[in-house]
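See structure below.
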Amino acid sequence: MKMSQLAFRPEKTPPKDAETVNHKLLVQAGFVRQLMAGVYTYLPFGLRTLKKIEQIVREEMDAIGGEEVLMPLLHPAEIWKTTGGWDSVDVLFKLKSRTDKEYALAQSEEEVVTPLMKEFIQSYRDLPRAVYHIQWKFRDELRSKSGILRGREFYMKDMYSWHETEEDFERFYNIVKEAYKKIFSRLGLDSKVTEASGGAFSEKISYEFEVLTDAGEANILYCQTCDFCVNVDDIQTYKEGDPCPRCGKDKLKSALASEVGNVFDLGQKYTKAFDLTYVDQKGERHYPVMGCYGIGVSRTMGVIVEKFHDERGIIWPENIAPFKVSLVSMKETAEKAAEIYKALTSAGVEVLWDDRDVAPGVKFADADLIGNPYRIVVGTKSLSMGGVELKKRDEEKTEIIPVEEVATRLSK
């Protein structure tokens, strides 16, 4: 991709109303634009990264047997009234049509997926079952001032599962837990699993996946030796400095964290509401146990920016960066840069070529702001030595590599 051909480019200054790092950098670097509080347009750079995060989530959900579907965002009021959510879910956006019919905008999909699966779950042979989709969600948030960390419109993966017994749900929960940890590990994030209340979804204990960040809204206590972690806003039993109740080998440490995923044990609330039943081996009819598993895809993107940045801009993990390489050339080296650009793209390397007619300092600053993992500078001095300058975004050192080795080096 050539920057001279892009309508969307980095800005010299951050937005004046930005209160968080992710809002500041994502807007300034040309990844998103805010339409209103909590609602964003994802520009080409941002969409590339969002889709890469989405693909990592999809791969791990597929790996544990999840079946991907795409469910609607516009819901008839009747299904929400069936579960009581129409009156009890305070973040639900409601609207009326010209014919006075009432609808809701999706803030979750339990009310859609349960009657959907009623058609496909008839017998114990149909269980367990897991279905997921990755789609936009809407929530009437009172406070949307954290960039894409807290949106009124946001991108999310939610999966739903059905089981014969509570024990089988617990078995599958542990599988999902490991899949979630793998997802966040692939994204360069260290996730902690905390217990929390079920909120509007369930009366039972839920599990939240938290990532340590100074921009976080949750106060957690965690053990650095084992995986014990609690959300102190819900569970007041422990305090900082207490010995870990699980391993006893370390003291609990407090931290701010941001929720990036959650798991709810829905029990039989929704299967009973929609009369979803199955017949067991004895011919008796039962309501399956249902689970819900969410990951905020767009929220995770914001958390990654909060965690990986410096004073110059974003530092993307390589597997989700919009491009692998920022290619910077001067007016007098444009011809050689074009050859390198062609060689890199032919080798399957994603390249953002800054071929604009602007000062070199602007190009360097924008490359750091955008945050692609590698920067190649095609300068007259390095070319006189038969090479180009290569630098990693998260390192200060540079090296000169031969022009003919660029494509091979960067495609590895």
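Taken together, the values in this text are just the output of simple stated rules run on the coordinates, not laboratory data. Note that the structure is predicted; figures quoted are calculated from it, not measured. As a convention, Cβ positions derive from the backbone with ideal geometry for all residues, glycine included, and neighbour counts pool all protein chains shown.
Relative to the current alpha-carbon distance between residue 91 and residue 249, full extension at 0.36 nm per residue lengthens the span by 52.7 nm.
Extension gain for residue 312-residue 396 works out to 29.0 nm (0.36 nm per residue, less the C-alpha to C-alpha distance).
Out of every Cα pair in the stretch 325-411, what percent are spaced more than 21 Å from each other? Here the long-distance tail beyond 21 Å is 19 percent of all Cα pairs in the stretch 325-411.
Taking every alpha-carbon pair under 8 Å whose residues sit at least 6 apart, the chain reaches a relative contact order of 16 percent. The average projected area of the stretch 3-310, computed from the convex hull of its Cα atoms over all directions, is 19.0 nm². Placing R0 at 51 angstrom, the Cβ-Cβ distance between residue 118 and residue 1 gives a FRET efficiency of 0.65 after rounding to 0.05.
Please label the shape of the stretch 13-93 as rounded, prolate or oblate, based on the square roots a ≥ b ≥ c of the eigenvalues of the alpha-carbon gyration tensor (a/c under 1.5 means rounded; beyond that, a/b larger than b/c means prolate, else oblate). In terms of gyration-tensor shape, oblate.
Quick one: Debye curve from the C-alpha atoms of the stretch 370-412, no solvent, what's log10 I(q)/I(0) at q = 0.26 Å⁻¹? Values returned for q = 0.26 Å⁻¹ are -0.94. When the Cα convex hull of the stretch 59-174 is projected onto planes of every orientation, the mean area is 9.3 nm². Between residue 165 and residue 342, the distance separating the two model label sites (each 7 Å from Cα on the Cα→Cβ line) works out to 6.7 nm.
For the chain, 229, 292 have no disulfide-compatible partner, since no other Cys C-beta lies under 4.7 Å from theirs.
When the C-alpha to C-alpha distance is required to be over 26 Å, the pairs from 51/412; 145/324; 94/181; 2/51; 118/269 that qualify are 145/324; 94/181. For residue 381, the lysines whose Cα falls under 21 Å of its own Cα, not counting residues fewer than eight places away in the same chain, are 331, 336, 363, 391, 392, 397. Pairs of alpha carbons in the stretch 279-363 separated by more than 19 Å make up 63% of all such pairs.
Can you list which of the GluC sites (Glu not before Pro) found in the stretch 226-305 are DSSP loop residues with at most 16 other C-beta atoms within 10 Å? Here the GluC sites (Glu not before Pro) that fit, given the DSSP loop and packing criteria, are 240, 284. Taking 20 °C and 1.002 mPa s as conditions, the stretch 6-52 diffuses translationally at an estimated 199 µm²/s according to Stokes-Einstein applied to its Kirkwood radius (Cα pairs). The packing ranking of peptides 98-105, 289-296, highest mean first, is 289-296, 98-105, where packing means the average number of other beta carbon atoms within 10 angstrom of each residue.
Residues in the stretch 217-237 near a label at residue 190, defined as backbone nitrogen under 13 Å from the 7 Å Cα→Cβ point? Within reach of a label on residue 190, which here means backbone N under 13 Å from a point 7 Å along Cα→Cβ, the stretch 217-237 contributes 222-228.
Peptide packing: for 223-230, 63-70, 341-348, the average count of neighbouring Cβ atoms within 10 Å per residue gives the ranking 223-230, 341-348, 63-70, highest mean first. Under 20 Å from a point placed 7 Å out from the Cα of residue 280 along the Cα-to-Cβ direction: which residues of the stretch 117-142 have their backbone N that close? Of the residues in the stretch 117-142, 121-129 have backbone N under 20 Å from the label point off residue 280.
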